[in-house]
Each structure stands twice: as structure tokens, then as C-alpha cells.
Amino acid sequence: MAGKRWKIDLEESLRIAMSALRANKARGFLTTLGIVIGIVAVILTMTAANGLQSTFRQSFSSVGSDVIYVSRFPWVMRNDFFLYRNRPRLDLRSANALERRLRGSAIVNPTLGGRQDLKFRSETMEGISVVGTTEKQTIVASAQPAVGRFITDFDVTYKKNVCVIGTEVRDALFGTANPLNQQMKVGRFTFRVIGVMEKQGGSFLGGPNFDRQVFIPISTFVKAFGGERSQDVNLAVKAPSQEALADVEFAVIGEMRKIRQLRPSEPDNFSINKLDTLVGTFNNVMGVVLLVGLLITSVSLFVGGVGVMNVMFVSVTERTREIGIRKAIGAKPHSIMFQFLFEAAAIGLVGGLAGIAIASVLTAVINALVMPASVSVGILVIAVVVSIAVGIVAGFVPAWKGARLNPIDALRYE
Amino acid sequence: MDRNSENGHAADGTALSLRDVVKTYVVGTDVVHALRGVSLDIRRNEYVAVMGPSGSGKSTLMNVIGCLDVPTSGTYSLEGQMVANLNEYQLADIRNQRIGFVFQTFNLIPRANIFHNVELPLIYAGVARSQRRERVERAIERVGLANRVKHKPNELSGGQRQRVAIARALVGEPSIILADEPTGNLDSKTGDEIMTLLDELHQAGQTIILVTHEDYIAAHAHRVIRLKDGIIESDSPTSGRAG
Ligand SMILES: Nc1ncnc2c1ncn2[C@@H]1O[C@H](COP(=O)(O)OP(=O)(O)OP(=O)(O)O)[C@@H](O)[C@H]1O
Ligand SMILES: [Mg+2]
């Protein structure tokens, strides 16, 4: 019985709230602007965070977490480039030396990289990353050829002109045709395509795009493009397990220092890079995105809330007489309260839905132009809940004020 | 002549009884004594007119009786129940179920149509939708507006609006109908129609208390209470009745 009564009360409250909203469309809509912006901000922040995270994971899935990279420069440099500028180059000789010293405890894969133009018949691509590597590439990094095979020991030893291409290179040069055993140009030289790597999912915020890259034997790279006299060798060192990574890192530093014949007082003149370095940078980016998003969101939701509160105070004042009438015929404080809370919640919801609509459009634009992004159901639910909650919180004091009115004073109000 | 038409509080005959009711308003430094000790009993099915000059406390008295306002001192019991001890929720229930208030200015809710206006007391009483419909229609029919249920108050004449207000007052089958100058905003012909309606309600067993400045309106009642400066000046049967 009591439950039934509540339901009847709620129905009436909802009915009044809706008719009040309909009567004050323009005012309600303007007030919701803050909420609209807040909801857009919250959705975009979360979408951006999700997008960044998944793009990051995809882009660097091939950078194994049990691998360290030895290179001349650190991956992440700020304004300290001058510290590293005078470091000696990493050459193949020291790469081989490190490999020998670590044999049995870690796998070492040297690579050389450069940019070359590609050409197949009339199709061309300019400035594509060409990586000279060895058969150990597929052990050290997780990406495998999806079609054909990878470079072998034999290809490296005999400096074969063979290449393994990324999916974007395949799409651009060969379209839907089968690229295997086709002859394509890398720079001035002709290479036979022996494999296509599996898709690794684009670039992360302008970082390397592993799908837009060509692998060739490192020996061929040196012969064709000059090699270590003009480029730095990068060394990937794979530990037998993630737990062993710290030990391997320690060993690598030690061995490298011996190879470089560094005295104990001298600092390292090489850099150790690993996924952690990137994760750290990523977390910084993410932190900034979340912080800025949160700031914009809370400021605009606060402004929106204040707006709703204002409108609700006006609404309560305008309907003081109506409150008096309702109380005179038996409305209880909570009925009046519900009536205004519903109205406030509905204003919030209207703002939230508008925000969702705008954010969806913006997300589609981001998806098309910047990075893969989509609004998830979870985010939508959060947006709806947040917008209603802002309305209710903002409407609480005005609703309370209305509910507490003395019937006779309210009736007398002009 | 005895001010109280009955001695004591005959349990079944008494609709309400006031003893030494005082209502004082404090406005800034001014103290206004709107009621200065009013005692009166009203029996079931009485038809009472309250008269008196402007500012004599008629509306204040009605508001106290209607539980819209609480007395500063004195006691008020409605059908044997002491009103002073009731909380806000219990007062709301009394206003909802035992009192039907008709105002000079109609006090309908402008955005709601006639049906909904009349339906409101039942909604606040928690009556199920299915039962509401029939009762609302019956009340609207009783005031002769069956063909106007979908109209908004501003589409009706003053007399029709007051009929709606009466329908709203009686839909909850209250013990008492209170009407504070129900014809005050109407011309005399329309006022007569409203009074005919109240007469019918009285004949059907309703207790009615109304405030008026007009003798010909008061003549519909069977008892006239005259207020002056917040106290009862006289309380007598109407001349027509008492002979
Ligand atoms: N809310 C209030 N605050 C202060 N004084 C009030 C208030 N309500 C009524 N009064 C005063 O109480 C006195 C009685 O007022 P009341 O409205 O009961 O008179 P009334 O007999 O109904 O007059 P009228 O015939 O003009 O309607 C008046 O002096 C009025 O000014
Ligand atoms: Mg009055």
C-alpha cells in the first residue's frame, strides 16, 4: 500500500516536471550549456584515454617487455641532447662482441635503419623506414610474417636482396595483388618480396609505424646503403624471461662498458632503452590528458550545476503559489521535493544527452583524423548518470526550499 | 444568547471545536492580533457563514480551521482530534482527506487541465488511477462541467473556475468544506449559481463554513458568526431560519 502511494506520488512529480520543462524550454536549454560542455569533456577525456591506451598497446606490442635495447641515444630525450651528441657510434663490431659475450644468457639482434623510397611498377612510396636485421628479429620482437617467410640466416650470410614488408607497404604498392616473389625497388636496388608481416596497428602519436616498414638482411643493408659508418646500430637483447631482464640489463651494461673500455669513473656512453621507458612516457601523456580532462569536466559541470541551481530557484519562486495550492490540498513535503528534483534531473539529462550527441560527432571526427576512437557503452552510462546526478545535486537546495514552504505563506505569495 | 450552540463536545455531533484560539502575527516590530481568543463549536452538517469587516480575522480563522495555519495559542480539535500535536505530514493528510478548501481566487493550477486539477487531492491521497477516474468524473459532473474536462483553467469563466475548485474540494469526500469568499470575485448571478451548488452539497450532508461580506450570500447559511477585531461579536441563526 505504502509502495503504491509512492508510485502515484512519483508519477505526479514526473508529470509536473515534464510540463514545467516544456514550458521553459529555452531557459532550460541555456542552463544546460555547462553540463553539455562537461559531458562532452568527460566523454572525450575517457575516449581519448581509451584510444591512447589501446593505440599504445597495439603500436608497441612488438616491443617485447622482456627485451632491452642498446642504442646510442635514449628513446626519450628532452633538452639534454648535448649530453649524448658526442657519444661514439654503435657499430656492428661491438654488436658482434656483445653477442659473443652474452651467448647462452641472452639473444642479441642488431639492426640498422634508414629511409628509402620504394617502388613497384608505377606505385611508389617515399621515405619509408627500411630496417636491416637478422633472422633473430622474429625471436626478439613478437611480430611474425603473416604471409611468406622471414629473413633467414642464409639470407644474412649471403647478403640476399630479399625483403619482408609491412601491411601498409603491401597495400600501397601491391593493392590486393599477391606481393610474394615480386621484384620491388628499395632505393636504387631491386629486392624480392619474401614475406608480409602481420598487422601491428598504426602509429602512436607520431611514433614509429611498424606497418609502414621494410625488413632486409642487415648484411645487404650495409652493402647497399652504407651501414654503420653513417648509421647507428641498434641492439635488441632478449632476456630468457621477464624476471631475468634486470640481470640481463646489468650484464649488458657491464659487457658494453668492457667493449667500450670505459674506466669506472666514466659514465656510460650508450643508452639502455626498454618498454618501461615508453610506458613511463606514455603514463605522463595519459596523466596530462586525464588531468586536463578532469579539470575541464569539473569546472564545466560545476558551472552547469550552478546554472541548474539558479534555474531551479527561479522555478521554485515562480511556482510558490502552485506549491501553496498543492500543499493546501494535501501534498507532502517529499511530493514537492520530488517534483523539483525530477525537473532538475531532467534538465541535467537533457544537457547530458546533448553532450553525448556532440561528443559522438567529435569522436567520429577524431576517429577519422587522429586516432582510432569510439564511445563505449560504459562511457555513455557514466555520462548519463553524471548529468542526472549534477541536476539532482544542483536541484537539491531549491527543491528543499520549495518543500519546506509553509502552505499559507506560499498561497499568499504574489 | 449562548455563543456555543451546543454545550460540551458531543462526540458524534461535533465536527470541530475551537477554544480560546489566538493568532498573532509579528511583522518586524509590529504585532498584529488577528484572532484574540475565539471559541466555537460547529456540528456536523452545519451551514455556517462567517462575516465581519475587512481585517477582522475571517480568513485567519478559516486558515486555522483548514489546517493551513496553526494557532499561536488555544486548542483546535477536528472530529475529536487535537490538531496542535500533529506534525507536518499529519496536517497534510488532514488537509487532504478531511478538508475541502475553496478560495476566493480559485487557486487552480494553470498548466493542468480541469480533470487533473480535480484529480490532485486523490493523487496525494494515494488513490489508484483506476479509482480516481470515476471519482473525478463524478465530482466534475456534480458541478456541471462534464463537457470541459480537457480544458485548462484559463479557458473557463470565473464561475466555471470556482465550480472546478468546488469539485476539487469535494472529490476527496472531506468532512468539512471551507469557502473563503467563494463568490467574492464573481458577479451576483454567477455567485448565486455557486451558492446553489453549495446548498446542494449541504443538503447532501456536507458541513460548510463560508466567509462572505454579502448578506444575501450569508442568508444561504443557517448560522452566522460575526467577527470583529479578532473576536466573535455575535453568533446566531440566520434571520430567515430563526424567524
Ligand atoms: N501573514 C500575515 N502577516 C501579518 N499580518 C497578517 C497576516 N495575515 C493576516 N494578517 C493580519 O491579520 C488581520 C486579519 O486578517 P484576515 O486576512 O484574517 O482578515 P479578513 O477578515 O479575512 O479580511 P478580508 O475581509 O479583507 O479578507 C489583518 O489585520 C491582517 O493584516
Ligand atoms: Mg479574508
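At a glance:
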item: Test: residue in segment A:55-64 that is outside any helix (DSSP H, G or I), open to solvent by 40 Å² or more (accessible area, probe 1.4 Å) and among the aliphatic types (A, V, I, L, M); result: no
item: Any hit, segment A:5-27, residues being open to solvent by less than 30 Å² (accessible area, probe 1.4 Å), away from chain B (no Cβ under 14 Å) and either assigned to a helix (DSSP H, G or I) or modelled with pLDDT of 80 or more (or both); result: no
item: Which listed residue is within 16 Å of ligand 1 (Cβ to nearest atom), on the phi < 0 side of the Ramachandran plot and open to solvent by less than 30 Å² (accessible area, probe 1.4 Å), from A:Pro407, A:Pro398; result: A:Pro407
item: Every residue from segment A:304-340 that is surrounded by 15 or more Cβ atoms within 10 Å (Cβ to Cβ) and away from chain B (no Cβ under 14 Å); result: A:Gly304, A:Gly305, A:Gly307, A:Val308, A:Met309, A:Val311, A:Met312, A:Phe313, A:Val316, A:Phe340
item: Residue within segment B:197-206 that is more than 14 Å from chain A (Cβ to nearest Cβ) and within 16 Å of ligand 1 (Cβ to nearest atom) present; result: no
item: Neighbours by Cβ (under 8 Å, 6+ apart or cross-chain): first from segment B:52-65, assigned to a loop (DSSP other than H, G, I, E, B); second near ligand 1 (Cβ under 6 Å from one of its atoms); result: B:Gly52/B:Lys58; B:Gly57/B:Ala34
item: Residues located in segment A:220-229, provided they are in a helix (DSSP H, G or I), surrounded by fewer than 18 Cβ atoms within 10 Å (Cβ to Cβ) and at pLDDT below 85; result: A:Arg229
item: B:Ala218 being within 16 Å of ligand 1 (Cβ to nearest atom), farther than 19 Å from B:Asn63 by Cβ, at pLDDT 90 or above and open to solvent by less than 20 Å² (accessible area, probe 1.4 Å); result: yes
item: Single unsatisfied condition, A:Asn209 versus (1) surrounded by fewer than 18 Cβ atoms within 10 Å (Cβ to Cβ); (2) at pLDDT 90 or above; result: (2)
item: Of residues in segment B:89-105 being within 9 Å of chain A (Cβ to nearest Cβ) and part of a helix (DSSP H, G or I), the one surrounded by the fewest Cβ atoms within 10 Å (Cβ to Cβ); result: B:Tyr89
item: Hits in segment B:119-139 - residues which are within 10 Å of another protein chain (Cβ to nearest Cβ) and surrounded by 23 or more Cβ atoms within 10 Å (Cβ to Cβ); result: B:Glu119, B:Leu120, B:Pro121, B:Leu122, B:Ile123, B:Tyr124
item: Hits in segment B:47-64 (condition: more than 10 Å from chain A (Cβ to nearest Cβ) and within 13 Å of ligand 2 (Cβ to nearest atom)); result: B:Val50, B:Met51, B:Gly52, B:Pro53, B:Ser54, B:Gly55, B:Ser56, B:Gly57, B:Lys58, B:Leu61, B:Met62
item: Positions within segment A:366-414 being away from chain B (no Cβ under 14 Å) and of a type in the set (Phe, Trp, Tyr), in sequence order; result: A:Phe396
item: Every pair of residues 6+ apart whose Cβ atoms lie under 8 Å, when the first sits in segment B:200-212 and is touching a residue at least 24 places away in the same chain (Cβ under 8 Å) and surrounded by 21 or more Cβ atoms within 10 Å (Cβ to Cβ) while the second is part of a loop (DSSP other than H, G, I, E, B) and among the β-branched types (Val, Ile, Thr); result: B:Thr212/B:Thr183
item: Enumerated strands (runs of 3 or more DSSP E) restricted to segment B:185-243, each holding at least 1 residues that are more than 22 Å from B:Leu78 (Cα to Cα); result: B:223-228, B:231-237
item: Only one of B:Arg168, B:Arg142 that is modelled with pLDDT of 95 or more, basic (Lys, Arg) and crowded, with 18+ Cβ neighbours inside 10 Å; result: B:Arg168
item: Any hit, segment B:106-113, residues being within 11 Å of chain A (Cβ to nearest Cβ), in contact (Cβ under 8 Å) with a residue 60 or more places away in the chain and open to solvent by 10 Å² or more (accessible area, probe 1.4 Å); result: yes
item: Identity of the residue in segment B:37-53, surrounded by 19 or more Cβ atoms within 10 Å (Cβ to Cβ) and under 13 Å from B:Arg19 (Cα atoms), that ends up nearest to ligand 1 (Cβ to nearest atom); result: B:Val38
item: Selected residue [open to solvent by 70 Å² or more (accessible area, probe 1.4 Å), among the hydrophobic types (A, V, I, L, M, F, W, C) and closer than 30 Å to A:Arg100 by Cα] from A:Phe250, A:Phe270; result: A:Phe250
item: Residue ID - farthest from ligand 1 (Cβ to nearest atom), chosen from residues in segment B:54-83 that are open to solvent by 40 Å² or more (accessible area, probe 1.4 Å) and not hydroxyl-bearing (Ser, Thr, Tyr); result: B:Gly80
item: Odd one out for A:Asn178, checked against (1) surrounded by 20 or more Cβ atoms within 10 Å (Cβ to Cβ); (2) under 35 Å from the mean Cα position of the chain (by Cα); result: (1)
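The rows are residues; the columns are (1) at pLDDT below 90; (2) touching a Pro at 6+ places or on another chain (Cβ under 9 Å).
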site: A:Lys199; (1), (2): yes, no
site: A:Gln231; (1), (2): yes, no
site: A:Pro240; (1), (2): yes, no
site: A:Leu245; (1), (2): yes, no
site: A:Arg257; (1), (2): no, yes
site: A:Glu266; (1), (2): yes, no
site: A:Asn269; (1), (2): yes, yes
site: A:Phe282; (1), (2): yes, no
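The values are calculated or read from the model by the stated rules, or taken from the named source; none is laboratory data. Source: prediction; values computed, not measured. So basically every Cβ, Gly included, is an ideal-geometry build from the backbone, and we count neighbours across all protein chains shown. Just the protein is used for accessible areas: all its heavy atoms, side chains included, with ligands, DNA and RNA removed. Shrake-Rupley method; radii C 1.70, N 1.55, O 1.52, S 1.80 Å.
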